[in-house]
Amino acid sequence: EKSQLLAASKKALAQAAQLAVDAAEARKRDADAVFDRITARSATYLSERLETLLPSGLVTAELAAVKGEMNLAKVADKASVSLASVEEIFNQAIDRGTTGLSEFNVVEDGVSAVLSDASIQQIAVMLHQCEFANVTVDAASDILRLMAAGQWPEFLSQDLSADLGSIMAHSIAPLDLALTEQLKLLKEEGILSPLRSSLTDLNQSVLNAKVALQGATDESGQAVIPEDWNPPGWEALKSLSVGRFACLGAAAVISSAVLPMDDAESEPPAATLPCLSAALEKAKSSCTTILDICRKLSTLKLEQGELLDSLCSLSNQYRSKCSTLIECIKTAFGDKSVCSDSVDGCSSILDEILSVIGQMSALLRKVELSGSGESTFHCLSPEFGDSWGGVTEIAAQVRAVDGDPEDINYLLRARSIEQQLVDAITNEPKLLIANAKIASLEKSLSSRSKEIYIQNARITELESLISKVPSSSMSPMKASTTTVAAPVDNQEIEEEVRVLKEALSVMEQQAEEYASQIRSLKDKNPKPRSRMRQSVTPKKSIETEAIIGQLGTGNKSSGTSSRDVLLETISLETAMFRPALSSATQSANYWKAKAMESALSKLTPLNVATKTSPMPLPMGQRREEWSHSADEIDLAFNEMRLAKATFGVVDLTKSNESARVQLNKEREKEMVAVARLQSVGRHFGGSVPSSYLPAAAKKSIGRIEVSCEEEGFVAPLTVTTTELRNFHSILVA
């Protein structure tokens, strides 16, 4: 009795110590959770504030893409945590079942072992958790493939990478919700019971996400991610995870058949089959070995093509064998009893699995692949934990082979937005100048619009005046007298009529003058100019004066309407007369020029008299005389130009000479030079041909000799075409 009490007290002390340790760990976890919540809250507020700082028009699409990528990473991380929790439950069940094995507590050969109710319930839970792990691995692997495609070097453009994240942000939400519910239940209750957990929603959300991914197409209608594209090593790592959790589930089922976790410790374990112990050991060995292989693969380089091909082939075999094992386990332990034949079938499959695992271990030893020293998995494994960091790290490693490791899509997109912001800040002065110019243009456009509006209003008013006045009543005497208008100012009407009279008089005088000039040019017998100055009094002026005289003197009944019609008629004539007067003036000038041109073209050429020497000279002597004459004319002409150019300014400070004397001296110099030029011209006039004339004479249009009392001379004179035409007109007249 004392020994039993002692054992009971030791056991109680051990349990108390364990409870104390558990309580300390719980307090530590609570403290860590509090700090994690504070950090997460601060990070959330920080991200929200940073998002508000960015211009929405520039970063809206990029923010949507970033949120989509982060949601994918969040779901993948939740899947990794779920797999870690399920693995922990499987390991606890395996450890519990291993302690219940005994060489003596076995059933006889040929007899089936009966399972207890606790074992049956725990086997159902383990099989349910194994199915959950299979679905979770599938979902996490597809998410990692999607994330890797978005950042893989030279696979997708920056725009397609951003669009991919935005598209999957909506379809991943149901999967996130379903996985969160399962993970929360797993953490709260410690196990995932089929009575509380349903995998239907999770399976459906995974299928919907796959359909959405397949439906994502580019502008050409092709799938953004082809179905046959996978990152190097991704398929092998997925197969290893699926097979590993199948082996863990099989080992946990076998352990549950031996000794369930919820069984009372005071009760002795039930008798088991003799072969069940060997099967459990094989399952444990396979789980331990494959875990070691997965950790060694954490340092796997994706550039090793041959190794990846061999590893992919062996991992597919391993996955296939593990799937066969879990189906055999479901068949063998699905009833309330277990027979030796079914356990032997499971044991033979375990032998095949161990054989495949041995080949993989040999392959890794051959390439000298060892673990990194940390308990971790490969970046593309669904059990890695940090999905976004792992994907970006593996993409940078691949990019570093033949390029810059920072040339990844999410970094390139970030640098593009950064460059746009830098350009916007740099171009801010130019933008201010452009805004100022735009404001100035808007003001000028507004003023121009107002001017156009005023012009349109005037046009509308003129149209209304035209529509009111009949076509037959253009004169004030024929105006309608039926309308009664308000009295107007007589002075304004008189002023307008006076301006119209003057304009009409000027126009008629100019027209009469032009007609007279045209007739004189045609008849060559012009009339005296005094006749063109005769005053012409237009009939309209007389009528207008009569109407003005009647304003205010006539009866009131007809005077008011007459003044109204007169005012409208005068306004209409004023608006229409000015362009008509301008057109008439232009037309008269045009026909005047035409008539003068026609008359000048019909004139006979001018007869130029040339002097003849009494005695002809030889040609050599004549040329010498011509050259001498031309030189004399050039000298005289240059002397005259020099005298004009050196005309001195009168110096008022000189006391010995008056200003008038100085001015007379300067004029005398110029007159001497002009007299010499005239003398040379009279002496050599007519004896120099045109080829020997000075440069000033060569620029003239013609040479005319006018009769005079003394002997004539030739003087060069530069004239314009208009002056020559006027001179011809004088000669013709």
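Odds and ends about this structure:
- For segment 386-410 versus segment 1-45, the inter-centroid distance based on Cα atoms is 41 Å.
- Neighbour cut-off at most 15 other Cβ (10 Å), DSSP loop, trypsin sites (Lys or Arg not before Pro), segment 323-371: Lys336
- Over segment 94-204, the hull volume per residue, using the convex hull of the C-alpha atoms, is 173 Å³.
- Stokes-Einstein diffusion coefficient of segment 349-475, Kirkwood radius over Cα pairs, 37 °C, 0.692 mPa s, in µm²/s: 137
- Solvent-accessible area per residue for segment 4-126 (1.4 angstrom probe, square angstrom): 65
- Surface/4 of the Cα convex hull for segment 1-125, nm²: 14.4
- Fraction of alpha-carbon pairs over 21 Å apart in segment 187-260 - percent: 57
- The value obtained for segment 293-371, namely the Cα convex hull volume divided by the number of residues, is 89 Å³ per residue.
- The alpha-carbon atoms of segment 280-438, seen along their principal axes, cover 94, 41, 25 angstrom, with the largest extent given first.
- Here the accessible area is traced with a 1.4 Å probe on the protein chains. For segment 1-135, carbon and sulfur cover 60 percent of it.
- Where the alpha-carbon atoms of segment 270-320 are placed on the principal axes, they occupy 53, 20, 11 Å, in descending order.
- Structural descriptor for segment 358-411: relative contact order 17 percent, calculated from alpha carbon pairs under 8 angstrom and at least 6 residues apart.
- Sparse-neighbourhood loop sites, GluC sites (Glu not before Pro) in segment 1-101 - DSSP loop, at most 14 other Cβ within 10 angstrom: Glu1
- Largest to smallest in accessible area, the residues Asp218, Asp176, Asp36 fall in the order Asp36, Asp218, Asp176 (1.4 Å probe, all protein chains included).
- Anisotropy class of segment 335-395 from Cα gyration tensor, a/c 1.5 cut: oblate
- Rg and Dmax over the alpha-carbon atoms of segment 315-357 stand at 10.9, 34 Å.
- Other-chain or far-sequence residues with amide H under 5 Å of Thr272's (modelled H): Val106, Val107
- Accessible area in the full protein assembly, largest first, 1.4 Å probe, for Phe637, Phe647: Phe647, Phe637
- Low-density loop cleavage sites - trypsin sites (Lys or Arg not before Pro) in segment 154-249, where at most 14 other Cβ are within 10 Å (DSSP): Arg196
- With coordinates expressed along the principal axes, the C-alpha atoms belonging to segment 207-326 extend over 70, 35, 22 Å, beginning with the largest.
- Shape class of segment 396-457 from the Cα gyration tensor (axes a ≥ b ≥ c, square roots of the eigenvalues): prolate, since a/c reaches 1.5 or more and a/b is larger than b/c.
The values are calculated or read from the model by the stated rules, or taken from the named source; none is laboratory data. All of these numbers come straight from a predicted model, not from anything done at the bench. Please note: Cβ atoms are built from the backbone with ideal geometry, for glycine as well, and neighbour counts cover all protein chains shown. Remember, those area values only see protein heavy atoms, side chains included, never the ligands or the DNA or RNA. Shrake-Rupley method; radii C 1.70, N 1.55, O 1.52, S 1.80 Å.
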